[in-house]
1. If I go through the stretch 187-202 residue by residue, how many of them are open to solvent by less than 10 Å² (accessible area, probe 1.4 Å) and on the phi < 0 side of the Ramachandran plot?
2. Could you check how many residues of the stretch 81-106 are open to solvent by 10 Å² or more (accessible area, probe 1.4 Å) and within 16 Å of the ligand (Cβ to nearest atom)?
3. Identify, by number, the condition in (1) modelled with pLDDT under 90; (2) more than 16 Å from the ligand (Cβ to nearest atom) that Lys394 doesn't meet.
4. Cβ-Cβ below 8 Å, separation at least six or inter-chain, first residue in the stretch 47-61 and without any contact (Cβ under 8 Å) to a residue 40 or more places away in the chain, second part of a loop (DSSP other than H, G, I, E, B) and near the ligand (Cβ under 10 Å from one of its atoms): which pairs?
5. Mind listing whichever residues of the stretch 160-184 are open to solvent by 10 Å² or more (accessible area, probe 1.4 Å) and either modelled with pLDDT of 90 or more or assigned to a helix (DSSP H, G or I) (or both)?
6. Here is a list of conditions, (1) out of contact with any Asp or Glu (no Cβ under 6 Å at 6 or more places or on another chain); (2) of a type outside the set (Phe, Trp, Tyr); (3) open to solvent by 40 Å² or more (accessible area, probe 1.4 Å), and Pro400 meets all of them except one; can you say which number that is?
7. Do you know which of the residues in the stretch 119-154 that are open to solvent by 10 Å² or more (accessible area, probe 1.4 Å) and within 16 Å of the ligand (Cβ to nearest atom) is nearest to the chain's Cα centre (by Cα)?
8. Mind listing just one residue for me: the one in the stretch 439-450 that is exposed (fewer than 12 other Cβ atoms within 10 Å of the Cβ) and assigned to a helix (DSSP H, G or I) and, of those, farthest from the chain's Cα centre (by Cα)?
Amino acid sequence: MAGSKVRNLQVSSKAEQKRLEKQKKKAKSGGFESLGLSPNVFRAIKRKGYRVPTPIQRKTMPLILAGNDVVAMARTGSGKTAAFLVPMIERLKQHVPQSGVRALILSPTRDLALQTLKFTNELGRFTDLRISLLVGGDSMESQFEELAQNPDVIIATPGRLMHHLSEVDDMSLRTVEYVVFDEADCLFGMGFAEQLHKILAQLSENRQTLLFSATLPSALAEFAKAGLRDPQLVRLDLDTKISPDLKLNFFTLRQEEKLAALLYLVREQISSDEQTLIFVSTKHHVEFLNILFREEGIEPSVCYGEMDQDARKINISRFRARKTMFLIVTDVAARGIDIPLLDNVINWDFPPKPKIFVHRVGRAARAGRKGTAFSFVTTEDMAYLLDLHLFLSKPIRAAPTEEEVLEDMDGVFFKIDQAIANGETVYGRFPQTVIDLVSDRVREIIDSSAELILLVKTCTNAFRLYSKTKPLPAKESIRRSKELPREGLHPIFKNVLAGGELMALAFSERLKTFRPKQTILEAEGEAAKSKHLQGPSSEWVDVMKKKRAIHEQIINLVQQQRSNNNVEKAIKTERISTKSKDKKEAGSKRKERSFKDEEYFISSIPKNHHTEAGLSVRANQDFGSNRLESAVLDLVADDTSGMQRQKSVYHWDKRGKKYIKLNNGERVTASGKVKTESGAKAKANKTGIYKKWKEHSHSKISLRGGEENADERMGDHRSQGNNRNFKGKRKQRYVPNAHVRSEIKDIEQVRKERHKKVLGPLQ
Ligand code: AMP
């Protein structure tokens, strides 16, 4: 008895030891565990579906958590928002009633600010931090109300924040201890420089300042030098593992279409003097493709883990001697072999880990050679594709649909070429016509080989097992993959579109998504009516017509909302694909006007700019002048009018009796107002709107910290259910226009109205 107790104790202490070891390992792993976050923040990260930190998060978070000022070169799609939000929430912890605003996030656009608010709410869901959104487009009064509730965090566009600062005497930014300039290059590019300098001047000396930017133009570097204290520069490694000369092509298709797609690539896309490495997931696939290729008259080399040493040597040496042009391998086999530099890599099965992808394609396009990586992506692989792009810090977008191409073929392809040249990934479908044609041939080959017929089943089973054992993608990536817009044909099949198949493709794509407005009852009934038949069908038509007359508006409203949602989703995913569309359009317009000679044209963006924005990030780099200079990248307009625009212009403000510096895009109207971001006029002088609001609402904004017991006031609001933007203990979300009365009647109202109709007015 005593013996078994001792044994039990030993077992449990062993289990405990194992658990501790596991925890230690995790803490060392560079995952979120190693950051020492408080449970509330860690739980929210897991809830959000982040499994491992992205490179930019891994590099910046420890620095920010340690209290450093940081300049991080990161673009949208790299996970940068969480990189500054997680340390912010960790630092603020909970709502402190008397401290005033403690964190300020400046975003260049309303959309980005909204997105940041959403992430802040999600990552701060287990805290009671209060967040206020100050962006153009919402009424000033509703924002006064939010400010009166003593927020801990303000997320703002600079124009609107300045407007508030000029209106509200009691508003101060002195209490702010954590400032983020998000997409700082856009902030500057959009002409907010003046406002940013003013905001900087209003902040306390003891703050922590972070600047996230895709590029570092010299004006921004100057700003960073002036506004940040000994900042640490985090930028992406220059010696990235993916060669800048490697083209990345991602094709979406179904699992059963891969054979046809592979044969097409091998026959049509890859030149006969190029060497290609083909990665598959199991040795059965290696065997299958080996036979299939031979049947097609192509002799490949093959290699898999359990292969006999001599056979392996012979296969590899034949490939090295260029006697074979294809080498079919599994990841396990590829690890131990010395493969020469080659031209192409084909990922038959999408690698489940970004590092495996990098490892696979690492042998292509080296030593000044060009190369291409072709990857097949099934619906299940989409989340892995997003994970990969987070890891590479590369934006990704869907190829334009056939409808978009039909509208403006040249324009659309011009934009796509630009996006690819800028380092964006464009994924697209494999043409169905090609798949159908080659599939017939594949079927023929398989049917004529007993070996292949047997292997088909083995491969299917092996793949099922492989799918079960591969690591999962981040939950957030799974969620995002479901919201991706429909993709068109991959741009490398441009000629298929140009060949007159466009109309047919557009039609067939439309057919797939077509939803008839009429119901089946109406359609059948109309048909019966047109044939002058009486009966239930034609009666149904009348019923449906009556119903439609009553509910038409609601139906249209719902449909409109759905399409709006889709548009929102499309916008969201568009956001993955780099910063602002406007910027690119501006770029493309500029290019249209210029007559640049490709040979002598020197781009303002280095060719390897995006690979530079690649894998890991060198942490703890000094922001010394040398480093800074090497990071500075000035985007200079390539036409005279652009250069002209870039010059700062000064305007004499008669009332203020001083010069006002106007930045890019700003101009002064006849009434002396400065036009900003969205063309909105920023009023230089107070309008009294705050005074009016104060008298009307009997409230007061006090953001100076500790001046007043704001919590009492908050308590009132809570009891009235009026704290729409703040999260108390219960989960509360920001609801735009929540103050507007709902047009939807509640049950009681509907009941009363029905009663009225049936019985006449209630007494
Ligand atoms: P951002 O670059 O901040 O716009 O983020 C791009 C997308 O990546 C957003 O949808 C984030 O929710 C998502 N994301 C950020 N960090 C991670 C992570 N560690 N794992 C998975 N997804 C992430």
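The values are calculated or read from the model by the stated rules, or taken from the named source; none is laboratory data. Model, not experiment: these values are computed from the prediction. Don't worry about glycine lacking a Cβ; one is built from the backbone with ideal geometry, like all the others, and counts go over all protein chains shown. Remember, those area values only see protein heavy atoms, side chains included, never the ligands or the DNA or RNA. Shrake-Rupley method; radii C 1.70, N 1.55, O 1.52, S 1.80 Å.
1. The number of residues fulfilling the criteria is 4.
2. Total meeting the criteria: 2.
3. That leaves (2) as the condition not met.
4. Pairs that qualify, where the first residue is without any contact (Cβ under 8 Å) to a residue 40 or more places away in the chain and the partner is part of a loop (DSSP other than H, G, I, E, B) and near the ligand (Cβ under 10 Å from one of its atoms), are Pro53/Gly31; Pro53/Gly79; Gln57/Gly79; Met61/Pro53.
5. Listed by number, the residues that qualify are Arg160, Met162, His163, Leu165, Ser166, Arg174, Thr175, Glu177, Glu183.
6. Here Pro400 clears every test but (3).
7. Going through the qualifying residues, I end up with Phe119.
8. For the stretch 439-450, the residue satisfying everything is Ala450.
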